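Novice: First the structure, which I've put down as structure tokens, then a few questions once you've had a look.
The values are calculated or read from the model by the stated rules, or taken from the named source; none is laboratory data. Every value quoted in this text rests on a predicted model; they were computed, and no experiment measured them. Note: ideal-geometry Cβ built from the backbone for every residue, glycine included; neighbour counts use all protein chains shown.
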């Protein structure tokens with residue numbers, strides 16, 4: 001009996017030591033978690049405090065996105081797909097159903113299919129309704145936050161051209177798919193600029209060849225396309241001597 005009593009006493013002592021140890025561990029974990037949460041909070045506050053221009057830029061992108069959606073709905077242009085890409089402004093493309101019968105460009109060509117000229121004409125009206133030239137006047141606080149002395153603000157209309165992966169013939173008009181995609185972007189930009197009356201300085205183009213397909217098959221004709229982006233942009237003013 002004495003041995004059993006001693007063993008029970010030792011078990012109780014061991015149990016108490018374990019409980020005390022676990023108690024200190026829980027206190028330590030709770031304290032460490034609290035300190036970590038406090039550190040994360042302070043870091044976040046510092047980051048937010050230092051990124052006010054970034055937040056204001058994102059507000060401008062969101063304002064532009066809402067303007068585009070409202071204009072699309074008001075004009076009944078449901079065949080447009082409008083996406084807020086966050087980092088690259090507002091992406092605008094035609095819904096895939098629009099191209100169900102014919103392609104926007106013939107293979108190896110940068111001439112716009114006449115079938116789509118009515119759509120492009122309506123898109124010109126869409127751009128004019130957005131009133132991009134006065135966008136900064138409607139949001140002066142955010143524009144002031146992201147610009148510095150010697151800088152100005154504008155919403156750039158960027159047109160990006162793409163091709164499928166079909167190699168060009170040696171007798172083709174263009175030397176490469178990169179060149180072809182750039183001319184496709186230029187063809188769209190030229191029509192938009194002429195008929196919208198917007199300044200040339202608001203437009204930019206880029207060509208990506210066949211490196212950004214939208215289908216798994218890089219040779220699919222649906223990859224012969226353009227994408228239009230509306231990008232709030234800070235421009236460095238030219239220094240005149």
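Novice: Please work out which residue is surrounded by the fewest Cβ atoms within 10 Å (Cβ to Cβ), limiting yourself to segment 199-215 and to residues that are closer than 23 Å to residue 128 by Cβ and under 21 Å from the mean Cα position of the chain (by Cα).
Specialist: Ranking the qualifying residues of segment 199-215, first place goes to 204.
Novice: Now a separate question. Could you pull out the residue among 141, 86 that is assigned to a helix (DSSP H, G or I) and closer than 30 Å to residue 238 by Cα?
Specialist: So the residue among 141, 86 that is assigned to a helix (DSSP H, G or I) and closer than 30 Å to residue 238 by Cα is 141.
Novice: With respect to residue 159, determine if the residue is surrounded by 19 or more Cβ atoms within 10 Å (Cβ to Cβ) and farther than 21 Å from residue 94 by Cα.
Specialist: Against the criterion (surrounded by 19 or more Cβ atoms within 10 Å (Cβ to Cβ) and farther than 21 Å from residue 94 by Cα), residue 159 does not qualify.
Novice: Can you tell which of 152, 145, 176 is touching a residue at least 24 places away in the same chain (Cβ under 8 Å), touching a helix residue (DSSP H, G or I) at 6+ places or on another chain (Cβ under 7 Å), surrounded by fewer than 18 Cβ atoms within 10 Å (Cβ to Cβ) and over 17 Å from residue 92 (Cβ atoms)?
Specialist: 145
Novice: So, in segment 179-198, exactly how many residues are farther than 28 Å from residue 65 by Cα and buried (at least 20 other Cβ atoms within 10 Å of the Cβ)?
Specialist: 1
Novice: Could we say that residue 174 is farther than 19 Å from residue 131 by Cα and in a loop (DSSP other than H, G, I, E, B) here?
Specialist: Spelling it out, residue 174 is indeed farther than 19 Å from residue 131 by Cα and in a loop (DSSP other than H, G, I, E, B).
Novice: If I filter segment 191-202 for residues that are in the same structural domain as residue 123 (by TED's automatic domain parsing), assigned to a helix (DSSP H, G or I), touching a strand residue (DSSP E or B) at 6+ places or on another chain (Cβ under 6 Å) and under 20 Å from residue 103 (Cα atoms), do I get at least one hit?
Specialist: No, segment 191-202 contains no residue that is in the same structural domain as residue 123 (by TED's automatic domain parsing), assigned to a helix (DSSP H, G or I), touching a strand residue (DSSP E or B) at 6+ places or on another chain (Cβ under 6 Å) and under 20 Å from residue 103 (Cα atoms).
Novice: I'd like to know if segment 113-125 contains one or more residues that are surrounded by 17 or more Cβ atoms within 10 Å (Cβ to Cβ), touching a strand residue (DSSP E or B) at 6+ places or on another chain (Cβ under 7 Å) and part of a loop (DSSP other than H, G, I, E, B).
Specialist: Looking for residues that are surrounded by 17 or more Cβ atoms within 10 Å (Cβ to Cβ), touching a strand residue (DSSP E or B) at 6+ places or on another chain (Cβ under 7 Å) and part of a loop (DSSP other than H, G, I, E, B), one finds none in segment 113-125, hence no.
Novice: In addition: Here are 165, 110: which of them is in a loop (DSSP other than H, G, I, E, B), surrounded by 15 or more Cβ atoms within 10 Å (Cβ to Cβ) and at pLDDT below 95?
Specialist: Sole residue among the options that is in a loop (DSSP other than H, G, I, E, B), surrounded by 15 or more Cβ atoms within 10 Å (Cβ to Cβ) and at pLDDT below 95: 110.
Novice: Would you check if residue 145 is farther than 21 Å from residue 82 by Cα, modelled with pLDDT under 95 and not assigned by TED's automatic domain parsing to the domain that holds residue 90?
Specialist: No, not satisfied.
Novice: Go through segment 203-219 and give me each residue that's in contact with a helix residue (DSSP H, G or I) (Cβ under 7 Å, 6 or more places away or on another chain), closer than 22 Å to residue 89 by Cα and part of a loop (DSSP other than H, G, I, E, B).
Specialist: Matches in segment 203-219: 208, 209, 213, 214.
Novice: May I ask you to list the residues in segment 220-241 that are surrounded by 12 or more Cβ atoms within 10 Å (Cβ to Cβ) and assigned to a loop (DSSP other than H, G, I, E, B)?
Specialist: Those that are surrounded by 12 or more Cβ atoms within 10 Å (Cβ to Cβ) and assigned to a loop (DSSP other than H, G, I, E, B): 220, 224.
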